[in-house]
Each structure stands twice: as C-alpha cells, then as structure tokens.
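Asker: My questions will all concern the structure given below.
Read-outs throughout are calculated quantities, based only on the coordinates presented, and are distinct from any laboratory measurement. Being a predicted model, the structure only gives us computed values, none of them experimental. Don't worry about glycine lacking a Cβ; one is built from the backbone with ideal geometry, like all the others, and counts go over all protein chains shown.
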Amino acid sequence: MEGSVRCEANYVPLTPLSFLERAALVYGARTAVVYGGREYSWRDTRERCLAGASALARLGVGRRDVVAVLAANTPAMYELHFSVPMTGGVLCTLNTRLDAAMVSVLLSHSEAKVFLVESQFLAVARDALALLADDKASMPLLITIDTDGDSSSEGAPEYEALLRSAPRGFEIRWPADECDPISLNYTSGTTSRPKGVIYSHRGAYLNTLAAVVSNEMPTMPVYLWTVPMFHCNGWCMVWGTAAQGGTSVCMAGSLSPKVVFEKIVRHRVTNMGGAPTVLSMLVNAPASEQRPLPGTVRISTGGAPPPPHILAKMHELGFNVVHGYGLTETYGAATLCVWKPEWDALPAAERARIMARQGVPQLMLDGLEIKDPVTMATVPSDGRTVGEVMLRGNTVMSGYYKDAAATAEAMRGGWLRSGDLGVRHPDGYIQLKDRSKDIIISGGENISSIEVESALFGHPAVLDAAVVARPDDHWGETPCAFITLKDGANATEANIIGFCRERLPRYMAPRTVVFADLPKTSTGKTQKYLLREKATAMGSLPKQGTSKL
C-alpha cells in the first residue's frame, strides 16, 4: 500500500535476547535464578550473561559458531541460553543421559568450538574427547562448570573464573536476520546419523510467547525446573521466565517428590513442567512426602499421554495439568489440550479422558492437520480415521543441520511430517494413536526401537529381536524386547539387559525381555502390533525406587 515502509522505526529482528534486556530493566532487583543457597537478581543475571558472552568472544566464538554444553539445570546452563546467542553463536545443549560415544559423535557433527561441562559429567566428557583425539579439527575447547565444590579441572578453564576475568563493556551482537540460528538440538537418532534440529531467533521468540500464554504464566511467576533445560531449551521456558520477569528455581541432585513438594511450598511455585513420569512420581509419593500446596500449580506435560487416573489424582493434589504434544522439530509443545468450562461438570474419569488428548494448535502454530501421508488429503474429523499428524507455521524448525535431504523429506508437501499417527475428533481436538516409527517415550526421552534392536542383534545368542513399548508406572513407557534365540544358545533376561547397558545409554536398555518366536507376515516382517498387545497385556512395570531424571 502506498506510504507503507519497513525501516528501523517499525521493524527489529525478533529474538529472545530482548526478553532479558526488558527483565533487567523492569524487574532488575527481583530474583531471577535460585540454586541451592545462591540467588541472582535479573540485574545480576544480565551482567553475568554479558560477562559470559565477553569471555566466549575472547575465546574466538563468533557468528554461527557452535557452543556445546553438558550440564544439568544450573545457573550457568540458564545463562548460556543468553550469553551464547549474544556472541552470534549457536547453543547446543546435550542430553546428560548420553554416553561418551554418543557425545563424541554429536561434538564432531556439530563442529562445536567450545564445550562447557558441569563437574558431575566430566568423566563422560573426557572419555568423549578422548574418542576425538585423532581428529584435531573436531576437538573443542573444554571449559568446566564447577557446581560440586571440586575445582580440580586439570588445567581446563573454569566458568566462574572466566566470568570474573572477562572484559567488561561487551556489546551484544544482535541477529542481523531473525531467521539466524540460535540453538541446535539433537533428536534421539542413531549414532550413525544424528539429526540436529536448528532453531531460529524468530521461532524461539514466537514459541516462547506461545508457551507463556499456554501455561497461563502470570507476571513474575515462580517456575520450578523439573524439565531438563537441555530438552528443547527447556521447552523454551528458559526464555519464557525472562519474558515474564519470573524466578527460576533450579534443583541440584536427584529429582525426588519430597524435594519437589518442599520447593513448591518454600518458593510458592506457580508453574512447572515435566514428563508424565514426573506426574506419576508426585502422585505415587508417600503421604509423608506430599505437602499441601500454597496455591494451584500449573504443570505442563507432554510425551506419552498421562493415564487418566494420574491426571485425576494430580487435580486432587492441587495441580492444574496442561497436556500438550510436540517434537524437537517444533521447539517443544506445538499443541495444547485447551480446557473448556463446560467440561468441569463431567465425571472425573471423563474429564481425565478428555485431558489426555493432544488438543489444538498452540497460539503461534499456523496449521495442525491429520492427513493421509500419501495423498495429503485431510482425514475426516470422526475420531476414528487414522492419519499422520502434520504441522506448519513459524514455530517449525529451520531444518536439520547438514542434512538437506532429511529436511526436504520431513517437510515434503509443505507440512512437517511428524511420523506420529492420530485422529481428529469432531470438536477439532487431535489424539495420538500410535507412533509410525515405533518410538518409545520413556521419562520424556525418545528411544528408537531400531537402535535398541541393533544392539540386541550384536548378542551372540540372539537370532531375532523386536522392541516395543511396555507401560511403566514410573517412566510411562520402557523398552520391552522380544527375542528368539539361536538353536542351542542360552541367555537370561539379566544377561540380555546387561549386554545392552554396556552398549547403550542406560535408559535405552530394555527393562523386560521375553523369549519367544516372533510373529511374522507372509513377507517376513515382524508384526509389531501383536507384540505391543502382548506387552500391554503384561501390565505396567512397578516403580523401582527413586531414579535420577
């Protein structure tokens, strides 16, 4: 239209970095981060982020350089979500449950220039770096993050020392293009072909605002970190707490229901998030560990749908559960089961059944459809016709790092193909029915059945193997292996599980092993749907003690 212009007065590239600037201005003296006995205000946090950016820049980190981090939910992990992009660099947060072999693969693939490691993960990190010793070009600079009082970094620079020595007056390198990358998040692919999902400043900004709205985060919320910050950048809530001037309560050590309830009461928590296993942990905690909540706590969850009885019990405890669905490729949650007041009068079981659906698009997602993956026709909204969940919009990834073919395939037809199968109900709400690639969601982590099967086939006694999900009271789902042994060979369940744990991250190893002939089609393909039925018929595995998440 005549007279319309785009200029510096009316256009600035979108970036979550602006949330930190505003938080320091508006909420400067208020607490931003709590960790044990340490507290940092928003003014402190901004200064620490600037110092971190200055230190990284002095080490040579510039635009599009990757900075990898292996750390739990600590102040340093929180700050790096701002300090790395302040340099123009790209943050790559690694799953703390990975073994050294996988960490080395991801360091090499990402071409990380700097590798920050929390002290408790140093052994894994050093083993990973040792695997890269013959490839000097892939060797990043190691920086340690001392959180346990052990300052023996064996010559490696330490994070806090770098902040103290960093030159002051660092000028933020704002993105020249809002589509510039801000972070790199790896999916749970095989070691031979990792998929690094690229997030942009624009997508992160928009999805952060969507997450704030979806979780009904008030101004100055108190957010309890039970979601790992390494997972989809904490579902974008690292940036979300800054947008609202909130307080991030980080927990050191193992996640236990007793500590969760204590933190909620002590800090008057308003919001939190967690995989269904966290909900199960809270519901099944002994009465002696549960505490009356100071107010309603809104908790977002995703992954495998929480069982209806878990949702009902969470409500009884005083939690308002928000169930959604998403992928690494969608910056975390892409859908939300928006609650309607008219459902309040329904019986508890019916309310829980509705709440377990994956729902409708979040605010910033443009499209959510259930389509036939071949014809791309949208299936009827009858709650019965199964199709593939497809999404599109500004909160869909920029692509897979160094994998143009996989990017093109994932977005073929103008939609992001999730690989998940579902239905759409007459009211427009979607519900997942199956996972087309047999992904097992355990404790919020995706496990590739193909990768577990590959490990099983390495066992000298295994003739044939297939892995499916079995319900689990604590983790939601865990791998269940069906195995056919070679003639004359012997193996026990413990032997098979131990074999896998030596070759896979512990959480990927089967917790159940069944020895049987595998059902096959006429063409020799394993009929996994029959195995899933058997695994489900076994019932849920009981909770086994308190585990680290």
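Asker: Can you list residues from other chains, or at least 5 along the same chain, whose modelled amide H is less than 5 Å from the amide H of residue 463?
Answerer: 484, 485, 486
Asker: Additional query: Measuring from a point 7 Å past the Cα of residue 220 along Cα-to-C-beta, which residues in segment 39-67 have an amide N at less than 15 Å?
Answerer: So the set is 41-43.
Asker: Another question, then. Mind listing the phi-derived Karplus ³J(HN,Hα) values for segment 30-40, rounded to whole Hz, using 6.51, -1.76 and 1.60 with θ = phi - 60°, and x for any glycine or proline?
Answerer: 3J(HN,Hα) across segment 30-40, in whole Hz: 7, 6, 9, 9, 10, 8, x, x, 9, 9, 10.
Asker: Here's something else I'd like to know. Please work out how much length the chain gains when fully extended from residue 315 to residue 164, using 0.36 nm per residue of separation minus the C-alpha to C-alpha distance, in nm with one decimal.
Answerer: That works out to 49.8 nm of additional length.
Asker: Moving to a separate point now. Bins of 5 Å, beginning at zero and ending with the bin holding the largest distance: percent of Cα pairs per bin for segment 254-435, please.
Answerer: Going out from 0 Å in 5 Å bins, segment 254-435 shows 1, 8, 15, 18, 16, 14, 11, 8, 5, 2, 0, 0 percent.
Asker: May I pose another question? Beyond a 25 Å Cα-Cα separation, which of these cross-linked pairs lie in this structure: 433/520; 371/402; 486/528; 258/340; 113/402; 113/263?
Answerer: Where the Cα-Cα span goes over 25 Å, the pairs concerned are 371/402; 258/340; 113/263.
Asker: What is the packing order of peptides 340-353, 39-52, taking the mean over residues of other C-beta atoms within 10 Å and listing the highest first?
Answerer: 39-52, 340-353
Asker: Something else now. Highest mean first, how do 62-68, 165-171, 206-212, 464-470 rank when packing is the count of other Cβ atoms within 10 Å averaged over residues?
Answerer: 206-212, 464-470, 62-68, 165-171
Asker: Here's something else I'd like to know. As a test of the definition: which semi-axes, in Å, follow for segment 225-336 when you take the square root of five times each eigenvalue of its alpha carbon gyration tensor? Largest first, please.
Answerer: Working from the Cα gyration tensor, I get semi-axes of 21, 17, 12 Å.
Asker: Related question: As an exercise, find the ratio Rg/Rh for the chain from alpha-carbon atoms, using the Kirkwood inverse-distance average for Rh.
Answerer: 0.96
Asker: How much of the pair distance distribution for segment 439-537 lies past 19 Å, counting alpha-carbon pairs only, in percent?
Answerer: Of all Cα-Cα pairs in segment 439-537, 37 percent lie more than 19 Å apart.
Asker: Still on this structure, please answer the following. Taking H as built 1.01 Å from N, whose amide H comes closer than 5 Å to the amide H of residue 41, not counting residues under 5 places away?
Answerer: Here the answer is 32, since their amide H atoms fall under 5 Å of that of residue 41.
Asker: If amide hydrogens are placed 1.01 Å from N in the peptide plane, which non-local residues have theirs closer than 5 Å to the one on residue 66?
Answerer: For residue 66, whose amide H was placed from the backbone, the distant partners under 5 Å are 90, 113.
Asker: Hey, how many Å between the Cα centroid of segment 34-96 and the Cα centroid of segment 217-262?
Answerer: 16
Asker: In terms of the ratio Rg/(2.2 N^0.38 Å) built on C-alpha atoms, what value belongs to segment 379-429?
Answerer: Rg over 2.2 N^0.38 Å, computed on Cα atoms: 1.34.
Asker: Mind jotting down a quarter of the surface of the convex hull over the alpha carbons of segment 32-176, in square nanometres, one decimal?
Answerer: 8.6
Asker: Between residue 58 and residue 177, how high is the FRET efficiency from 1/(1 + (r/R0)^6) when r is the Cβ-Cβ distance and R₀ = 22 Å? Nearest 0.05.
Answerer: After rounding, the FRET efficiency stands at 0.30.
Asker: Do the sum for the chain: with -39,500 (n - 2.57) for every DSSP H run of n ≥ 4, divided by all residues, what is the mean residue ellipticity at 222 nm, to the nearest 500 deg cm²/dmol?
Answerer: -8500 deg cm²/dmol
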